[in-house]
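**Student:** My structure is below; once you've seen it, I'll send some questions.
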Ligand SMILES: [Zn+2]
């Protein structure tokens, strides 16, 4: 099988190349040919009106859940089976939306994500390639706990798998979570917007505790992603050696300089705040949740802009599940709006995201890599031979509406 592409967005060189033919061997890219298309025997997919990019990567998803009420009561009304089946639905929506790989950074029902990954890998259901965190490592009453209930309510153990309160307990939690099939570790370093009673600005783990997670995960060859809004939590996690800071809402310049120096990725869900504010107002989410959304949305965008100035590595992650799954791509244009070039924004969701994952089989379209790709229709007014990325890619706003095809492993998803 082959695909004739109007343009290929090369996220390594930053160029858009007209008239490219991609040859596939099984689920991999066999060759990338430019110029006059050769005569081909097998089936050829005509993407001549489209710009083709590598399949997109979202580094921050929660496929086995979706926020409805702005509080955690509904989690207790869902069984493990519910979480798994909701995950099946969301995996389909995610891959349909052009995201062929995700890093799923935590499930309240521990390991529902790992089961979903297994179902996708076995071909039982359609979904993206998944890197799974399995559960949250969080302190008692922390941002990764199911909080907000009265003190005499016992939250089931299955929802508290990674609760840990010392270096030793953190190490044990990492061993248990990795042993149950996780690919990475998610540590909750500060309070969270949606967890009642927690303060997003406040640190929750000591630097030693986070370092315990990093060291122990390292024994499995795995990275740690740290949820951190507040500056102190970001600094502790960065110094402890985490791979990425999630959210980064109140990052000060010292934190950003430290991240740039250490090569720590910033994965900031800079689009979701708009959706949450609108939806939360409409559905009358709790006042505490609304206050925390409003307090963190614009500060996060400001931190993102400053992160670019500091040269912090940016990975694309949307916190899907906070908003309805399948809308991930809206954040691409947001990256451009906040100061990235269109090529850089694409890199954050392809090349750089694959580097953050440590996955050299996705992220670019090159021989040997998975034939995961997205085809987006280019306006008829654009010169067919154009090599100008700004012209062909625009400001990426058309990506949400003009996506025509998604291939995962050379198989057409839609
Ligand atoms: Zn999240």
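**Student:** Answer yes or no: is there a residue in segment 306-313 that is at pLDDT 95 or above, touching a helix residue (DSSP H, G or I) at 6+ places or on another chain (Cβ under 7 Å) and within 16 Å of the ligand (Cβ to nearest atom).
**Tutor:** Initial filter on segment 306-313 (at pLDDT 95 or above): 306-313.
Applying the additional criterion that residues be touching a helix residue (DSSP H, G or I) at 6+ places or on another chain (Cβ under 7 Å) yields 306-307, 310-313.
After this cut, where a residue has to be within 16 Å of the ligand (Cβ to nearest atom) as well, the list is none.
Scanning segment 306-313 turns up no residue that is at pLDDT 95 or above, touching a helix residue (DSSP H, G or I) at 6+ places or on another chain (Cβ under 7 Å) and within 16 Å of the ligand (Cβ to nearest atom).
**Student:** I'd like the full set of residues that are out of contact with any strand residue (DSSP E or B) (no Cβ under 7 Å at 6 or more places or on another chain) and either assigned to a loop (DSSP other than H, G, I, E, B) or touching a residue at least 12 places away in the same chain (Cβ under 8 Å) (or both), limited to segment 161-177.
**Tutor:** The initial filter retains those residues of segment 161-177 that are out of contact with any strand residue (DSSP E or B) (no Cβ under 7 Å at 6 or more places or on another chain), namely 161, 165-169, 171-172, 175-176.
Within segment 161-177, 161, 165, 166, 167, 168, 171, 175, 176 qualify.
**Student:** So residue 368 fits all but one of (1) outside any strand (DSSP E or B); (2) closer than 18 Å to residue 58 by Cα; (3) out of contact with any helix residue (DSSP H, G or I) (no Cβ under 9 Å at 6 or more places or on another chain); what number is the exception?
**Tutor:** (2)
**Student:** Sticking with this one: Give segment 66-84 a look and list any residue that's without any contact (Cβ under 8 Å) to a residue 60 or more places away in the chain and assigned to a helix (DSSP H, G or I), or say none.
**Tutor:** 74, 77, 81, 82, 83, 84
**Student:** Can you name the number of the only condition in (1) over 12 Å from the mean Cα position of the chain (by Cα); (2) buried (at least 19 other Cβ atoms within 10 Å of the Cβ) that residue 348 fails?
**Tutor:** If we test residue 348 against (1) over 12 Å from the mean Cα position of the chain (by Cα); (2) buried (at least 19 other Cβ atoms within 10 Å of the Cβ), just (1) comes out false.
**Student:** For segment 131-142, give me each residue that is closer than 20 Å to residue 83 by Cα and over 17 Å from the mean Cα position of the chain (by Cα).
**Tutor:** 137
**Student:** Now, a different point. If a residue has to be closer than 22 Å to residue 401 by Cβ and within 14 Å of the ligand (Cβ to nearest atom) to count, how many in segment 87-138 make the cut?
**Tutor:** Summing the residues that are closer than 22 Å to residue 401 by Cβ and within 14 Å of the ligand (Cβ to nearest atom) in segment 87-138 gives 2.
**Student:** Right, another one. Which ones in segment 142-160 are surrounded by 15 or more Cβ atoms within 10 Å (Cβ to Cβ) and assigned to a loop (DSSP other than H, G, I, E, B)?
**Tutor:** 142, 143, 144, 145, 146, 147, 148, 149, 155, 160 - these are the residues of segment 142-160 that are surrounded by 15 or more Cβ atoms within 10 Å (Cβ to Cβ) and assigned to a loop (DSSP other than H, G, I, E, B).
The values are calculated or read from the model by the stated rules, or taken from the named source; none is laboratory data. Predicted model, so just to flag it, every value in this text is computed and none were measured. Glycine also receives a Cβ, built like all others from the backbone with ideal geometry; neighbour counts cover every protein chain displayed.
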